[in-house]
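Okay, so here's the structure we're looking at.
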């Protein structure tokens, strides 16, 4: 494996582990404004605990939110992220699937399930999850990049990957500084 591919793998893991904290789902007709404010405050505290690395505190808060608001996918998806960060892919998968049962269009849950499938060598399933995330949000940068890596590194389809790498560069809030090198490398392999 060359150094560009190795860097790609590192970035893939970083994307899977960072910046993917999900937001609470929007208020639904049955949730009153005051209750929504409490939900958002509790969720914000859980997210802050996650960002500070206090996963036990975040997990406790999110588990309570998942019990109190079973119709909300955000707490479940974030519990999946915590389990994933801790290396517990079975629990992570269960939480992501629970989030999808509530909200089948939860892009972060779809993307993370793609990463889990890819790590298990289930490339077709990973591709299905990434494409499902992109069907919901065509500009969801982590899924774009994860699909590009899957196609390029694991499935040997650099031409399809180049298109996605370039799409990622235009969709990302900040272009990845090394992605131009990966694009150059992939184009040389076409």
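The values are calculated or read from the model by the stated rules, or taken from the named source; none is laboratory data. As the structure is a computational prediction, the values presented were derived from the model and not from experiment. Positions of Cβ are backbone-derived with ideal geometry, glycine not excepted, and every protein chain shown enters the neighbour counts.
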Subject >> Conditions (1) part of a helix (DSSP H, G or I); (2) in contact with a helix residue (DSSP H, G or I) (Cβ under 9 Å, 6 or more places away or on another chain); (3) at pLDDT 75 or above: number failed by residue 70 >> reply: (1)
Original post:
What number goes with the only condition from (1) loosely packed, with under 15 Cβ neighbours inside 10 Å; (2) in a loop (DSSP other than H, G, I, E, B); (3) touching a residue at least 12 places away in the same chain (Cβ under 8 Å) that residue 64 does not pass?
Top reply: (2)
**OP:** Kindly establish whether residue 47 is modelled with pLDDT under 80 and either part of a helix (DSSP H, G or I) or within 18 Å of residue 73 (Cα to Cα) (or both).
**Re:** no
Original post:
Only one residue in 178, 189, 85, 131 is over 27 Å from residue 42 (Cα atoms) and touching a residue at least 40 places away in the same chain (Cβ under 8 Å). Which one?
Top reply: 178
**OP:** Kindly indicate the residue of the range 99-117 that is without any contact (Cβ under 8 Å) to a residue 24 or more places away in the chain and over 12 Å from the mean Cα position of the chain (by Cα) and also nearest to residue 128 (Cα to Cα) among those meeting that condition.
**Re:** 117
Original post:
Taking the condition within 14 Å of the chain's Cα centre (by Cα) and surrounded by 22 or more Cβ atoms within 10 Å (Cβ to Cβ), does residue 79 pass?
Top reply: yes
